[in-house]
Structures are given as C-alpha cells and as structure tokens.
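Data block below; observations after.
No lab work stands behind these numbers, since they all come straight from the coordinates. Since we're looking at a predicted model, the values are computed, not measured. Neighbour counts run over all protein chains shown; Cβ positions are idealised from the backbone, glycine included.
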Amino acid sequence: MNLQKYLITDPKFYGTTTKDFKANLEKILSKNEINFICFRDKTSQNYKELIKVFIEVCSAKNIENIFINSYINEAIKYNVGVHLTSTQFDKINTCKEQNLQVIVSCHNQEDINKAKNDGADFITYSPIFESPGKKDLKGIENLKQIVQLNKDIKIFALGGIVTNEHIKQIQTTNCFGFASIRYFIN
C-alpha cells in the first residue's frame, strides 16, 4: 500500500489573510498529490473565515479526507473530520456521536490505547524526526514498534518530516501514512 500523504496547514507558511491563505493553499495543492488535509491555525483571530476558504479550496480540488484541527464546532458545521490535540481525548466521543472522522495526536502507547478505546479512526504519532519546539524524538525504530503493536488503528507518522529520505525511512515501518507541514512546502 502506498503511504498516505497528510498535509497540515500552518499560518506561518500559508498566511493569515483569506487572500494569502487561498493563494498559498492553491499553489501548494497544485504541486502535491495528497490524500488527507487539515486546517491547523491556533493563533489567527479570523480562523472561521480561513476555514471557509480552506473548505472551498479543498472541495474544488476534490479532496475527500478534509480535517479541521481542534475546532470541533467548525468540523460539525462543514461536516468534515476533526484532528484532536493530545489534550482533547475527552472530545472523541462527542465527535463520533456527530459522525465525524477523528484523528488524535498521540505521543506514547498510553495515548494510543486511549484513542483506540474511545473510537478514534486514525492517530498521528510524533515527533519522529527533529522538529521546531518538539522534544522526546521517537525515531524510526520506535515508530516500527508502535506500528507493529497497533495494527488495529491507522497511524500517521508526524514531526520533522521534510525530505524524501525521511519518507523512505517511514515506508520501512508499514505506517499508514505521514503527516507534515513543511514537506509539502519544500
């Protein structure tokens, strides 16, 4: 199976005005073939306007797996998936009751067990490689073990994935896919 590609947006690279965001998102999507996409912006005051543009662009590009990071009400409003943070495990059931697909950010086996028990559809496991502001790197060997132990949930490797060499290493783990902000920009 091909590694699934999960693009995550960031205001640092996509901009915070609707015009810049739309132009940058369209440009990046025209250069990359992706399977999953997530709107992630924890700082912009106009995030609702940006999400509207995000949904419009993704729909126009026929992207099937659309997610919004942490803003559950917006995911419900647009009937798209939600990517919950590692502090939102208590929201998985609420999201599943709304028939939303759920991805949860996990950093250890305890997180993964919790996500699986609560019915998450996917998880991200991070950080795999060195990434700005992230500590406790997992590395490829740890990722292989996690994938082996958790064949009952789809796992995206996340964190510091910026080169094709990183992708080749992730392919050796039988991971479902990889998620990245910077890989798709480079």
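Our summary gives the stretch 1-138 a relative contact order of 15 percent, counting only alpha carbon pairs under 8 angstrom and 6 or more residues apart. Descending by average beta-carbon neighbour count within 10 Å, the peptides 155-163, 72-80 line up as 155-163, 72-80, the highest first. Using all C-alpha to C-alpha distances in the chain, build P(r) with 10 Å bins and read off the rounded percent in each one. Using 10 Å bins, I get a P(r) of 9, 39, 38, 14, 0 for the chain.
Could you state the number of Å between the C-alpha centres of the stretch 141-186 and the stretch 73-88? Here the answer is 22 Å between Cα centres.
Sorted from longest to shortest, the spans of the Cα atoms of the stretch 49-111 along the three principal axes equal 38, 22, 20 Å. FRET efficiency for the pair Gln109 and Gln171, taken as 1/(1 + (r/R0)^6) with r the Cβ-Cβ distance and R0 = 25 Å, rounds to 0.65. Compared with the direct C-alpha span, the chain from Asn99 to Asn46 gains 16.4 nm at full extension, assuming 0.36 nm per residue.
The modelled label-to-label distance for the pair Ser30/Lys77, using points 7 Å beyond Cα in the direction of Cβ, is 2.8 nm. Given +1 at the Cβ of Lys and Arg, -1 at the Cβ of Asp and Glu and no other charges, the dipole of the chain around its Cα centre is 280 debye to the nearest 20.
Computed from point charges on the beta carbon alone (+1 for Lys and Arg, -1 for Asp and Glu), the dipole magnitude for the stretch 14-65 about its Cα centre is near 120 Debye.
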